[in-house]
Structures are given as C-alpha cells and as structure tokens.
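Chemist: Can you keep this structure in mind? I'll have questions shortly.
The values are calculated or read from the model by the stated rules, or taken from the named source; none is laboratory data. As the structure is a computational prediction, the values presented were derived from the model and not from experiment. Glycine gets a Cβ as well: all are built from the backbone with ideal geometry, and neighbour counts include every protein chain shown. Calculation scope for accessible area: heavy atoms of the full protein, side chains included, ligands and nucleic acids excluded. Shrake-Rupley method; radii C 1.70, N 1.55, O 1.52, S 1.80 Å.
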Amino acid sequence: MNDTTQRIVVVTGGASGIGAACASELARAGWKVVVADIDFENAREVAAEIGGVAQRIDVADDASVNDAAATIEEAVGPVYGLVNSAGIIQKPVPPHEMDMAVWDRIQQVNYRGSYIAGLAFARNMLARGQGSIVNITSITDQVATPLHGYGPSKFAVVGMTKCLAAEWGPSGIRVNAVAPGYTLTPALVGAIERGERDLSALERNAALQRAVRPSEIGSAVEFLLSDRAAAITGVDLPVDCGWLVANPWHTYGGLRKSALAPVLSSST
Ligand SMILES: NC(=O)c1ccc[n+]([C@@H]2O[C@H](COP(=O)([O-])OP(=O)(O)OC[C@H]3O[C@@H](n4cnc5c(N)ncnc54)[C@H](O)[C@@H]3O)[C@@H](O)[C@H]2O)c1
C-alpha cells in the first residue's frame, strides 16, 4: 500500500485480542508496527509473529507512557499512527455492588490511559503536522448497559475522540474511534466462560446473528488510520454485526428472517 508503506504505528494493548488483530492487519497492510502492552512477554510474541517491535507500556502510568513514546521515537522512528486498544472489562453488577477501586481502575486504563497515550504520541505528530489516531471504544458507548464503570468509560473515550479531532484537525492529525460489538477475544471468551456474558444471546441479538471476529476490527482500524480515510475525523464507527440496529426490534417481537430469503439465495 503506497500511502502507508513504512509508516510507524503503535498499538497499545497489542499483545492480545483486538489489539493483536489490529497489529496483524496493519503489518499485513505494510505498516511498521510497535506492539505496546503491559504484558511484555505476549507483546514480544505478537511482534515476532508480524515482524514488528515490542514495547512495554502501562497506560495507567504517565511516566511509563511518556517513556515509551520517547523510546519508540528514538529507537524505531517517527510515529505516524496510534491505536489505543489497551482496556479492561467488568462484571455486570449493580452499582452498589461495585468496588470503587475497580471503577477507578477502569476509568484510569480505558479513558485516562487513552487520553495520556494520545497526548504523548501526538506531541511529535503535531510537530510534524501529520498523524492518525484510532481509539477502540465499544457499542456500550452508545446505549445503556449494566456495566456502570466500563460503559461510561467508553462514552468518555468517544467524547475525547471528538474533542481531539476538532482540536488537532487544523494541525494535520485525524482522530477517530472504532466501536466493536461482541468480539471473540480472550477477554470476552473468559467472561463467557465465567458466566458473565451469554454467547448465544450476543449472537441472537445481532442483525448478522454472530459475534465479530478480531480481524474484522483490525480491518476497520487499518482503514481509518490510512489515507483512504483522509477525509474522515471525529467518527465512532460501529463494527458490531448490526447489534446496535437490531436492539430496538426486541420491543416488536425480535428479529425475523425474510420469507423471500430462500428464493433470493437460490436465484443468486
Ligand atoms: N472483546 C470485545 O467484545 C470488545 C468489545 C468492545 C470493545 N472492546 C475493547 O477492545 C479493547 C481490547 O479488548 P480485548 O477484548 O482485545 O481484550 P484483551 O484482554 O484480549 O486485550 C487487552 C490488552 O490490553 C492490555 N492492557 C490492559 N491493561 C493495560 C495497561 N494498563 N497498559 C497497557 N496494556 C494494558 C492487556 O495486557 C491485553 O493485552 C478494549 O479497549 C476493550 O474495551 C472489546
């Protein structure tokens, strides 16, 4: 790909799940990828698989984020792209049953972590007058869910995405978000196994009747980072197999398959 050849991109949370899939899709598209994660061992494994570079980063710690940004600029080169995928989830408990330390940690990693990583890496992007950032949000940033720490943390990331898109647009930096639906990553599979999420309900409630594959998030992220999306900034793109559009249908008896479907499929 001409527009992204040798461009450097940092993927936080790149050692697992959606971050690892983004790293893989970006490498396939010609980007030089820095896999940045608090889990350095897994970051090294992912980096080795895709021909990238591993970097330890703790997005909950300002010093770690600033050190990582400086180290990468010096050791790898000018960073053009940033994907903020580092994030943590929670149990769907009522608010009074949620420990505030857990709530604080979710805000610190998901919201504050995306913000300070954006600031640290944008500093040099602004000086160069070019760059592209994609924040990984969630479909829970658009509707109410019983995730009283996680959901609002993602609402905040969308707000931040829009504010920074307007702030930095005149300086040549685009800031967008991708909102994954239920995506089969280690985090979600673990929650399903612990009984905190119901896979068949997640599939049933999506228009396309299935969960999202991590590579499908990676493709959307790669598109938004690239020059193919040069006119797009400040959006929060759902990649959710139609979970958001399907939800209101449950008030009207649920989703239904068209009676014409077998005819159409046999004639095409
Ligand atoms: N899986 C889904 O269904 C889903 C849906 C919507 C949004 N998301 C979002 O996608 C992102 C990735 O989630 P995932 O499902 O791939 O999870 P995951 O647990 O597989 O990966 C998360 C990665 O973030 C890293 N991480 C956690 N805390 C960190 C910190 N303080 N500093 C640096 N790295 C840290 C972890 O080590 C891990 O490698 C998260 O922001 C999550 O909220 C996931």
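Chemist: Between the stretch 48-96 and the stretch 102-154, what is the separation of their alpha carbon centroids in Å?
Modeler: The two parts, judged by their Cα centres, are 11 Å apart.
Chemist: Take the stretch 185-247, compute every pairwise Cα distance, and split them into 5 Å bins from 0; I just need the percent in each bin.
Modeler: Here the calculated profile for the stretch 185-247 is 4, 16, 19, 21, 18, 12, 7, 3, 1.
Chemist: When only alpha-carbon atoms count, how far does the stretch 89-146 stretch along each of its three principal axes, as whole angstroms with the largest first?
Modeler: Cα extents, longest axis first: 47, 23, 11 Å.
Chemist: Which whole-number percentage describes the relative contact order of the stretch 2-267, with Cα contacts under 8 Å and a sequence gap of 6 or more?
Modeler: 19 percent
Chemist: Suppose the Debye formula is applied to equal point scatterers at every Cα of the stretch 2-267; what is log10 I(q)/I(0) at q = 0.08, 0.10, 0.11 Å⁻¹?
Modeler: Treating every Cα as an identical point scatterer, log10 I(q)/I(0) equals -0.32, -0.50, -0.60.
Chemist: Tell me which of G169, I136, G190 sits at the most positive position along the dipole axis of the stretch 119-214, charges placed on C-beta atoms (Lys, Arg +1; Asp, Glu -1).
Modeler: Of the options given, the answer is G169.
Chemist: Also, I was wondering about something else. With springs only between Cα atoms under 10 Å apart, run a GNM on the chain and tell me which of T12, T251, T185 wobbles the most.
Modeler: In this elastic network of the chain, the residue with the biggest mean-square fluctuation among T12, T251, T185 is T251.
Chemist: Tilt of helix 40-50 relative to the longest C-alpha principal axis of the chain, in degrees (0 to 90, nearest 10)?
Modeler: 80 degrees
Chemist: Given the options I88, I116, I106, which has the most mean-square fluctuation in a GNM of the chain, springs set between C-alpha atoms less than 10 angstrom apart?
Modeler: I88
Chemist: Give me a comma-separated list of calculated 3J(HN,Hα) values for the stretch 244-253, in order, Karplus coefficients 6.51, -1.76, 1.60 applied at θ = phi - 60°, integers in Hz, x for any Gly or Pro.
Modeler: 5, 6, 7, 3, x, 5, 5, 6, 10, x
Chemist: Could you work out what % of the accessible surface of the chain is carbon and sulfur, using a 1.4 angstrom probe and leaving DNA, RNA and ligands out of the count?
Modeler: Solvent-exposed carbon and sulfur of the chain make up 56 percent of the total.
Chemist: Quick one: among K257, K154, K32, which has the greatest mean-square fluctuation in a GNM of the chain with alpha-carbon springs under 10 angstrom?
Modeler: K257
Chemist: Show me, bin by bin at 10 Å from 0, the whole-percent P(r) of the stretch 70-172 based on Cα pairs.
Modeler: For the stretch 70-172, the pair-distance distribution reads 15, 41, 27, 14, 3.
Chemist: Pull up all non-local amide H partners of Q55: gap of 5 or more, or a different chain, and H-to-H distance under 5 Å with H placed in the peptide plane.
Modeler: V35, A36, D37
Chemist: Charges only on Cβ, +1 for Lys and Arg, -1 for Asp and Glu: so what's the dipole of the chain about the Cα centre, in debye to the nearest 20?
Modeler: With only Lys, Arg, Asp and Glu charged at Cβ, the dipole is about 780 debye.
Chemist: Now for a separate question. Which value in Å does the Kirkwood hydrodynamic radius of the stretch 1-83 take, with 1/r averaged over all unlike C-alpha pairs and then inverted?
Modeler: Kirkwood hydrodynamic radius for the stretch 1-83: 12.2 Å.
Chemist: Right, next: Can I get the semi-axes of the stretch 120-256's equivalent ellipsoid? Compute them from the C-alpha gyration tensor as square roots of 5 times the eigenvalues, in angstrom, largest first.
Modeler: Whole-Å semi-axes of the equivalent ellipsoid: 31, 15, 14.
Chemist: Out of all DSSP beta bridges in the chain, what portion is antiparallel? Express it as a percent rounded to 5.
Modeler: 0 percent
Chemist: Could you provide, to the nearest whole Å², the per residue accessible area of the stretch 2-267 with probe 1.4 Å?
Modeler: 47 Å²
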